[in-house]
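The values are calculated or read from the model by the stated rules, or taken from the named source; none is laboratory data. All values reported here derive from a predicted model rather than from experimental measurement. Positions of Cβ are generated from backbone atoms using ideal geometry, with glycine treated the same way; all protein chains shown enter the neighbour counts. Areas reflect the complete protein model, heavy atoms only, side chains present, ligands, DNA and RNA absent. Shrake-Rupley method; radii C 1.70, N 1.55, O 1.52, S 1.80 Å.
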Amino acid sequence: MEKEVRVRFAPSPTGPFHIGGARSALFNYLLAKKSKGKLILRIEDTDLERSSRESEENIKAALRWLGLDWDEGIDVGGPHAPYRQTERLELYRQYAQQLLAAGQAYYCYCTDEELEAERQSLLKEGKMPRYMGRCRDLSPEQQAAFESEGRKPTIRFRVPEHQEIAVRDLVRGTVVFDSDNIGDFVIMKSDGLPTYNFAVVIDDHAMNITHVIRAEEHLSNTPRQCLIYDALNFPQPVFGHISLILGKDHTKMSKRHGATSVDQYRRLGYLPEAIVNFLALLGWAPPGEQEIFSKDELIAAFSMDRVAKNPAVFDLDKLNWIDQHYIRRLSVEEFYELAKPHLREKGYITGRETGKELEWLQRVTATAQEHVAYGAQIPAAVSLYFEDEFPLEDEEAKAVLCDPAVPAVMENFLRELAKAEPEDAPSVKAVFKTVQKATGLKGKAVFMPVRVALTGKQHGPELAAIIPLLGEKRCRKRIEASLAKAGVKVNF
Ligand code: GLU
C-alpha cells in the first residue's frame, strides 16, 4: 500500500502572515487533499523574542478565512500533540543528548564576540564565514575550565567532511551541496532551546511527514537538515522548494510593492476564494488555459510537477481581475455584506439598518457590483448616494446650469417627478419624455443639467438608476442647492 501523504505547514509566528506563507500553506493543503492525505499545522515558536501568540492567532485566523483547514495540529489536536514547538522541548533535548553521546554533536563555549571575530577575520581573508570548529575536540578539562568561567555552551552538530549532500527536490530536481561549505552549526542554543534546523527535523520525523513543501529561501537550510536525518538514521522526506514571489519589477516582494499580508487583503475587502485562486497560480501552472478555479477544481488539477522553478511574479492587476470575477457572482445580500465594513468606516451607515433602510442600502450598493475589484472600492463607487453636499466639478459643469433654458427644465422636471415618483428606469424615462415635450428641448439639453444638478458632474451612472434611489425630495434639494451654487435664480 502507498504510504499516506502527510504534509505540514510550519509557520513561525513572528509577525504579519505574509502572502508567501499563505501560498506555502495552500500548496501543502492542495497536495494533501489531492492525495487524500493529511495536512498538519505546527507552530515553530522557538525564537522566543520574535514569536507571539498574537501572531499565531493571526495565522490561524487567516488560514481559516482562506478555508485552508488542517487535519491535525494546533487547536485541532492529533496523535502527535503537542504541535507547538515550545511545548516539545524535552524531545529535542533527548535527541541532542543522543547526538552528543554518539560524538555527532559537541558543546561549544565560544562567546558571541569570539564568533564575530572569527567571522570578520574569515571575511578579511575573502573566505566564506563559517564556524571553524574551535570547540570541536575540547578535552573534558578544557570543557570544565570554560564551565567554571560561567560560560553556557551551545550544542553544535559535527558536520562530516568531504561529503556530497544530495537534496531530492520535487521542484528543482536533485540539488547537490558540499559539506565542506557548511560549518558545524548550532542545534541547541545556550538557553536550551533548539534551533530551527534541528527542531524541524525532529518534528518532521516524529510527525511522519512525507513531503516537506516550503519556500525556496529554506533550500540552503535543507542540506543541514539532511545531515541530521542521516545522523539520527531517520528516513528523509521528499522536499519541494517553491520559488520566491517577486513584485512586478522582479525584485523580491516587499512592503514597497503594496499589501503583503493576508490580513491586509482581507481588510481591503478581497474575497478568500479569489485569494486562494490567485495564490494557486503564483508558481503553479494549470495544464490548460483556465484561470478561474474553485477550491475543488484546484484540488483536482493540482500537481507538484507543474510547480515552476522560476520565480512567481505577483501581479496585482491579475488579483483584481480574479477578485472582480468572484465579486460579480455574489448575491445582492452577499455583496452588501462585503460592502458593510467599508461603508461603516466611511460613516455612510451604522451597520444596524433594517427593513426599508436596509433594502435601500442593498439597492444602492448593488449599483457598484459590476464596477469594483474589491470591497474598499465600494464607498467611492456609491458616494453619490450618501453625500448630498458636493461642489460643481468645474466651470464647464457650472456653465451647463447657467443655460437660459435650465430654469424651465428644472421646473418641469421637478413637477413631473413629484407627480410620478418613479421607482424604476422606465418611469424615469417617461418623466424625461414629458419634460422634453413640455420644453421643446432635445435629450441632452434636458439630461445634462439634471445630471450636473444631482451629482455636480457631467459623467456618472445612468440617471434612470440614480433618480429612483435618491427619491423626489433629495432630488429637489440637490437641484435647488446646485442652482444656487451656479448663481441661477429660480422660483419653483
Ligand atoms: N518555521 C519555518 C518558517 O516559518 C518553517 C520552514 C519549514 O517549513 O521548514 O519559515
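Number of residues in segment 28-54 that are away from the ligand (no atom under 14 Å from the Cβ) and open to solvent by less than 10 Å² (accessible area, probe 1.4 Å) equals 2.
Residues are listed down the side, and each one gets a yes or a no for (1) touching a Leu at 6+ places or on another chain (Cβ under 7 Å); (2) of a type outside the set (D, E, K, R):
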residue: Leu99; (1), (2): no, yes
residue: Tyr109; (1), (2): no, yes
residue: Arg119; (1), (2): no, no
residue: Leu123; (1), (2): no, yes
residue: Lys127; (1), (2): no, no
residue: Cys135; (1), (2): no, yes
residue: Leu138; (1), (2): no, yes
residue: Ala145; (1), (2): no, yes
residue: Val159; (1), (2): yes, yes
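Conditions (1) farther than 30 Å from Tyr336 by Cα; (2) crowded, with 19+ Cβ neighbours inside 10 Å; (3) among the acidic types (Asp, Glu), marked per residue:
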| residue | (1), (2), (3) |
| --- | --- |
| Met207 | yes, yes, no |
| Arg214 | yes, yes, no |
| Leu227 | yes, yes, no |
| Gln236 | yes, no, no |
| Phe239 | yes, yes, no |
| Thr251 | yes, no, no |
| Ser254 | yes, no, no |
| Arg267 | no, no, no |
| Leu271 | no, yes, no |
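From the list Tyr109, Tyr131, which one is open to solvent by less than 50 Å² (accessible area, probe 1.4 Å) and touching a Pro at 6+ places or on another chain (Cβ under 6 Å)?
Working: Tyr131 fails: touching a Pro at 6+ places or on another chain (Cβ under 6 Å).
Among Tyr109, Tyr131, only Tyr109 is open to solvent by less than 50 Å² (accessible area, probe 1.4 Å) and touching a Pro at 6+ places or on another chain (Cβ under 6 Å).
Tell me whether segment 228-240 contains one or more residues that are in a helix (DSSP H, G or I), within 9 Å of the ligand (Cβ to nearest atom) and touching a residue at least 24 places away in the same chain (Cβ under 8 Å). No: zero hits. Could you count how many residues in segment 1-27 are part of a helix (DSSP H, G or I) and either of a type in the set (Val, Ile, Thr) or within 9 Å of the ligand (Cβ to nearest atom) (or both)? Matching residues across segment 1-27 total 3.
Checked against (1) open to solvent by 10 Å² or more (accessible area, probe 1.4 Å); (2) of a type in the set (Gly, Ala, Ser); (3) touching a Lys or Arg at 6+ places or on another chain (Cβ under 9 Å), Ala399 passes all but a single condition, namely (3). Scanning segment 188-205 for residues that are open to solvent by less than 40 Å² (accessible area, probe 1.4 Å) and within 13 Å of the ligand (Cβ to nearest atom) yields a total of 10. Among the conditions (1) in contact with a Ser or Thr (Cβ under 6 Å, 6 or more places away or on another chain); (2) surrounded by fewer than 17 Cβ atoms within 10 Å (Cβ to Cβ); (3) closer than 21 Å to Ala399 by Cβ; (4) not β-branched (Val, Ile, Thr), the only one that Lys485 does not satisfy is (1). Check segment 124-136 and report whether any residue there is at pLDDT 95 or above and in a helix (DSSP H, G or I). Yes: one or more hits.
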